[in-house]
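S.K.: Got a structure for you, questions after.
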Amino acid sequence: MKKNRRNFIKKTALASGGIVLGANTMSASSYRKILGSNDRVRVGIAGFSNRFKGALLPAFNSLSKAQNFELVGVSDIWNRRRDEGMAKVKEVTGNKITSWRNNEEMYDKNDIDAVIISTADFQHALHTVQAANAKKDVYCEKPFAETMADARVGMKAVKDAGIVFQIGSQRRSGSNYHAANNYIKSGKFGDIVMVEMTWNVNQPGRWRLPKLTSEIRESDTDWKRYQMNRPEAAWDPRKYLEYRLFWPYSSGIPGQWMSHQIDTVHWFSGLNHPRSVAANGGIYLWKDGRKNFDTMSAVFDYGPADDMNSGFQVTYSSRFTNSAGGTKEIYYSNAGELNLDTNKVSDNGGLTERFASAMDMKPNKLEGFNLSDNAPKVVTSANTGADNMTTLHMQNWMECVRSRETTNGPIEAGYNHSIANIMTTAALRTGLKATFDEATQDVLAGGQVFQY
């Protein structure tokens, strides 16, 4: 299978509203000299989120002693989150940490070597820019970006600074996913002809925080700084705390869920992004004021740009309204399937002798085997905890901070899943087929640049 190579990254200025990108005079090379293999790595928290509290903190804490990493402070623009962050880290680690009112203050103090970013979805790329400008290594939650302008500037900042970057796509550290990647790339699976993906839950309260939205006050936080480069809007506690329900603060399902699964397509196939996406969806049941869909389906065409006769289709569907079917992640070839729900390769659906002989062909059926013994299951509950893949992903980042090697989830992975997410969002919100302009690195809907 030919690879669709992308060598041109469009340079873009950061139109970032209230964001201030503080500079640090320490170069990447001098930083590497200072951070020796036995020196303690001081880590800051950018955004004390539920994801950090429930999964990243326990994963970090389970590794910190062996890796000689230490949490030293939390940055959050909401005073309540700062206080909760300091209290929770002390409870878990026994250490008292400091707090900063915002990221600019955190980097100005220069008390950290690396940062874990778990802020709102639309802020990830821009907060990565801040960290890169300050020459701090980054573990960044996904999605990386919700607009191509943010994705481009985030990618460039990481590349220019030479920092170690890990996107929080923890599948990239799962043993079963590595086994699947190696098997497909070995050629034994055959050409991918189809991929089916689903992510279904029945959770009307997913991404809802009614108690907190009734308690937060604009005076307790920095609403202008929160909005960064999004269109200026009046204070809205739901858009602050339940941002995953509101575009353009989040795309919802594509950025939160689809980004995990579509990333494996890029990884396994070597293709950077879809050739096109068609999608549809709506708010069919949970009519609570949200703007992001509670149900959606998308169809992707993948393959090399210079050979439209080669490639495969990906289907993705997701709903909040009925959990039947759960998660599905199945790769098909003419000889069978690779199922990342059961972690089995089998000859299911492969070309049988009966139909092969009718066309004077040989049967084509895979030899079955398990991708990985005791592989972790994908968890779809709201609070996943420190699952094995997240812990392995955190460990990989820590080890790469020491070695200066490329992580399992490099910046290119975050950039490429953002392209697929944004193409899906463009198709969903315009009703038009989405494509990608390699020259400008823009997502197009009906041939026009997609913008929020």
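The values are calculated or read from the model by the stated rules, or taken from the named source; none is laboratory data. Since the structure is predicted, the reported quantities are computational estimates derived from the model, not experimental observations. We place every Cβ from the backbone using ideal geometry, glycine too, and count neighbours over all the protein chains shown. When the accessible area is computed, the model is the full protein with side chains, heavy atoms only, and any ligands, DNA or RNA have been set aside. Shrake-Rupley method; radii C 1.70, N 1.55, O 1.52, S 1.80 Å.
S.K.: Starting from the amide H of residue 75, placed 1.01 Å from N in the peptide plane, find each other amide H under 5 Å away whose residue is 5 or more places distant or on another chain.
M.R.: 45, 46, 47, 100
S.K.: Another question, then. Tell me which residues come under 5 Å, amide H to amide H, from residue 341 once H is placed; ignore anything under 5 positions away on its chain.
M.R.: Those lying under 5 Å, H to H, from residue 341 are 329.
S.K.: Kindly identify segment 249-329 as rounded, prolate or oblate by the Cα gyration tensor criterion: order the square roots of the eigenvalues as a ≥ b ≥ c, call it rounded if a/c is under 1.5, otherwise compare a/b with b/c, prolate if a/b is larger, else oblate.
M.R.: prolate
S.K.: Further question: Rounded to whole Hz and in sequence order, give me ³J(HN,Hα) for segment 408-421 from the Karplus expression 6.51 cos²θ - 1.76 cosθ + 1.60, θ = phi - 60°, writing x for Gly and Pro.
M.R.: Karplus values, whole Hz, x for Gly and Pro: 5, x, x, 4, 4, 5, x, 5, 6, 5, 5, 4, 4, 4.
S.K.: Once volume of the Cα convex hull per residue in Å³ is worked out from the coordinates, which option in (1) 148; (2) 133; (3) 212 does it equal?
M.R.: Label (1) holds the value from this structure.
S.K.: With θ set to phi - 60°, apply the Karplus curve 6.51 cos²θ - 1.76 cosθ + 1.60 along segment 73-84 and write out the HN-Hα couplings as whole Hz, x wherever there is a Gly or Pro.
M.R.: These are the phi-based 3J(HN,Hα) values: x, 10, 10, 7, 7, 9, 4, 4, 5, 4, 5, 5 Hz.
S.K.: Which whole-percent values make up P(r) of segment 125-219 when all C-alpha to C-alpha distances are grouped in 10 Å steps starting at zero?
M.R.: Calculated P(r), rounded to whole percents: 12, 24, 28, 29, 6, 2.
S.K.: Work out how much length residue 193 to residue 220 would gain on full extension: take 0.36 nm times their residue separation and subtract the Cα-Cα distance, in nm to one decimal. Numbers along the way, then the final one.
M.R.: On the way: separation 27, 0.36 × 27 = 9.72 nm, distance 5.26 nm.
Stretched fully, the residue 193-residue 220 segment lengthens by 4.5 nm.
S.K.: With labels modelled as points extended 7 Å from the Cα through the Cβ direction, what inter-label distance (nm, one decimal) is found for residue 98 paired with residue 65?
M.R.: Using points 7 Å along Cα→Cβ, the separation is 2.7 nm.
S.K.: Where does the charge balance sit around residue 121 when Lys and Arg score +1, Asp and Glu -1, over other residues with C-beta under 14 Å from its C-beta?
M.R.: Details: positive: 51, 142, 230, 239, 244, 291; negative: 141, 146, 150, 242.
Within the 14 Å Cβ shell, the charges total +2.
S.K.: Could you work out how far the C-alpha centroid of segment 128-196 sits from that of segment 54-92, in angstrom?
M.R.: 24
S.K.: Need one word for segment 295-347: rounded, prolate or oblate. Basis is the Cα gyration tensor (sqrt eigenvalues a ≥ b ≥ c); a/c below 1.5 gives rounded, then a/b vs b/c decides. Let's see the in-between values first.
M.R.: On the way: a/c = 3.90, a/b = 1.29, b/c = 3.02.
Oblate, since a/c reaches 1.5 and b/c is not below a/b.
S.K.: Using only helices, what value at 222 nm comes out for the chain when you add -39,500 (n - 2.57) per DSSP H run of length 4 or more and divide by the total residues, to the nearest 500 deg cm²/dmol? Working shown, then result.
M.R.: Numbers: 14 runs with 145 residues, N = 452.
Calculated at 222 nm, the ellipticity per residue is -9500 deg cm²/dmol.
S.K.: Let's test the formula: R0 of 51 Å, r as the Cβ-Cβ distance of residue 40 and residue 342. What FRET efficiency results, to the nearest 0.05? Intermediate values should be presented prior to the final figure.
M.R.: On the way: r = 42 Å, r/R0 = 0.83.
That pair, residue 40 with residue 342, gives E of 0.75.
S.K.: So, one more: Treat each spin label as a single point 7 Å out from the Cα along the C-beta direction, and report the residue 213 to residue 353 distance in nm.
M.R.: Going from the residue 213 label point to the residue 353 one covers 6.2 nm.
S.K.: Let me ask another. Express in nm, to one decimal, how much length is gained between residue 324 and residue 310 on full extension, taking 0.36 nm for each residue of separation and deducting their alpha carbon distance. Spell out each step's value before the answer.
M.R.: Numbers: separation 14, 0.36 × 14 = 5.04 nm, distance 3.35 nm.
My answer for the length gained is 1.7 nm.
S.K.: Give me the extension gain from residue 234 to residue 403: residue separation times 0.36 nm, minus the current Cα-Cα distance, reported in nm with one decimal.
M.R.: On the way: separation 169, 0.36 × 169 = 60.84 nm, distance 4.58 nm.
Going from the current span to full extension adds 56.3 nm.
S.K.: With a 10 Å radius around each residue's Cβ, average the other Cβ atoms per peptide and rank 331-341, 61-71, highest first. It would help to have the intermediate numbers written out before the result.
M.R.: Details: 331-341: 21.4, 61-71: 16.4.
Those peptides, ordered most packed to least, come out 331-341, 61-71.
S.K.: Name the residues whose placed amide hydrogens come within less than 5 Å of the amide hydrogen of residue 115, ignoring near sequence neighbours (fewer than 5 apart) on the same chain.
M.R.: Hits under the 5 Å cutoff: 44, 137, 138, 139.
S.K.: Residue by residue through segment 128-137, what is 3J(HN,Hα) from phi via Karplus (6.51 cos²θ - 1.76 cosθ + 1.60, θ = phi - 60°)? Round to whole Hz and write x for glycine and proline.
M.R.: 5, 4, 4, 5, 5, 4, 8, 6, 10, 5
S.K.: Still on this model: Give me the 1.4 Å probe accessible area per residue for the chain, excluding ligands and nucleic acids, in Å². Present the calculation step by step, with values, prior to reporting the outcome.
M.R.: Values: 18810 Å² over 452 residues.
With the other protein chains kept in place, the chain gives 42 Å² per residue.
S.K.: Oh, and also: For the chain, give me the percentage of DSSP beta bridges that are antiparallel, rounded to the nearest 5 percent.
M.R.: On the way: 40 of 67 bridges.
If we restrict to bridges inside the chain, about 60 percent are antiparallel.
S.K.: How do the peptides 141-147, 287-293, 205-211 rank, highest first, by the average count of neighbouring beta carbon atoms within 10 Å per residue?
M.R.: Details: 141-147: 26.4, 287-293: 16.3, 205-211: 14.6.
Top to bottom by mean Cβ count within 10 Å: 141-147, 287-293, 205-211.
S.K.: Once Lys and Arg get +1 and Asp and Glu get -1 on their Cβ, which of 400, 94, 271 lies farthest toward the positive end of the dipole of the chain?
M.R.: After comparing all options, I get 94.
S.K.: With the Cα gyration tensor of segment 398-452 giving a ≥ b ≥ c as the square roots of its eigenvalues, does the rule (a/c under 1.5 for rounded; else a/b larger than b/c for prolate; else oblate) give rounded, prolate or oblate?
M.R.: In terms of gyration-tensor shape, prolate.
S.K.: Shifting gears a bit: Once you keep just the Cα pairs under 8 angstrom separated by 6 or more residues, what percentage relative contact order results for the chain? Don't skip to the end; give the middle numbers.
M.R.: Details: 943 pairs, mean separation 96.9, N = 452.
Computed value for the chain: 21 percent relative contact order.
S.K.: Order the peptides 230-236, 420-426, 88-94, 116-122 from the highest to the lowest mean number of other Cβ atoms within 10 Å of their residues.
M.R.: Details: 230-236: 12.0, 420-426: 29.4, 88-94: 14.4, 116-122: 24.4.
Taking the mean over residues of other Cβ atoms within 10 Å, the ranking is 420-426, 116-122, 88-94, 230-236.
S.K.: Same structure again: Residue 105 to residue 361: FRET efficiency via 1/(1 + (r/R0)^6), r the Cβ-Cβ distance, R0 45 Å, to the nearest 0.05? Can you show the working numbers first?
M.R.: On the way: r = 67 Å, r/R0 = 1.50.
That gives a FRET efficiency of 0.10.
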